[in-house]
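So the structure is just underneath, and the comments pick up after that.
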Amino acid sequence: MLSYIVSRLFSAFIVIFGVVFIVFMLIHMVPGDPVEVMLGESASVVDREMLRHALGLDLSLPQQFINYLNKLVHFDLGQSLHSKKAISELLSERIVPTLELSIAALLVAFLIAFPLGIMAALKKGKAADTAAMVFSLTGISIPNFLMGPLLILVFAIMLGWFPVSGRDGLSSLVLPALTLGTALAAILSRMIRASLLEVLNEDYIRTARAKGLGTIRVIGLHALKNAMLPVITLIGLQIGALLAGAVITEMVFSWPGLGQLTIESIQKRDYPVVQACILLISTTYVVINTLTDIVYGMLDPRIRISQ
């Protein structure tokens, strides 16, 4: 088990380093000069060069990358080129709203997916199964940038039940959480249905039913427990995807999280903040997937043996 965990951690480290390198290079290759954005087009050449030197942007890309890695090793993310605030402070301010949105979306997904998936498996081939799969297909097909405005149009503008945007109380969390959660619920419900259908045909399920156990006990104590392995894997993958999906959702609903900070920093050519945001999101994604692999290996010894 120890060697399995070490191999997963080593793979995660390689992926994170690759993300750091690719993001650094791509951001510095994007057209646009942060010095020009900060000083304006009317600034003199001397002022531009002085600011570029002060920010270290006059160094070669390899040297800038080495300096960036050196700061990362010492957990120094630097400061924003525009606000001059420490990036760690900016991230700490924005990560709480993003976590709120992700947890709420995950809760919405669970509340929808588990009843829907279980019902579809128990009513295979019937109207309930068809309705559940139609919902699932619809949820997967509608992207966040379309689902968000649709929910705003119906529940905020037409019905007036929830605020259009911003982060002001629990009511403002409902529509963004539904936007993120419905897509995840659609994927989860299909996986739960497929996993349960495989398990329900096993001999131990028939034995449990022969002993007189009710449907709720058979599903809750026997079938669902053994059907959770692929579901756990999918949940781990999708939790990381929630952070990526939150970028679009936060912009639609003006939610002051990491996604909105990332887009704003890209528009301002604030390289250090963009790198820090993407690094945090990708690292979270990789860490969650690594933990999922480890949990999967603990639950199923065959995974460890095959490594």
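Structure data summary
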{"read-out": "Derived scalar couplings ³J(HN,Hα) [segment 255-261; Karplus, 6.51 cos²θ - 1.76 cosθ + 1.60; whole Hz; x for Gly, Pro]", "value": "8, x, x, 5, x, 5, 4"}
{"read-out": "Under-5 Å amide H pairs with residue 79, H placed in peptide plane, nonlocal only", "value": "87"}
{"read-out": "Residues whose placed amide H lies under 5 Å from that of residue 165, excluding near-sequence neighbours", "value": "none"}
{"read-out": "From phi via Karplus (6.51, -1.76, 1.60), per-residue ³J(HN,Hα) for segment 139-146 in Hz, x at Gly/Pro", "value": "x, 6, 6, 8, x, 4, 6, 9"}
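Values in this text are rule-based calculations from the coordinates and carry no lab data. Being a predicted model, the structure only gives us computed values, none of them experimental.
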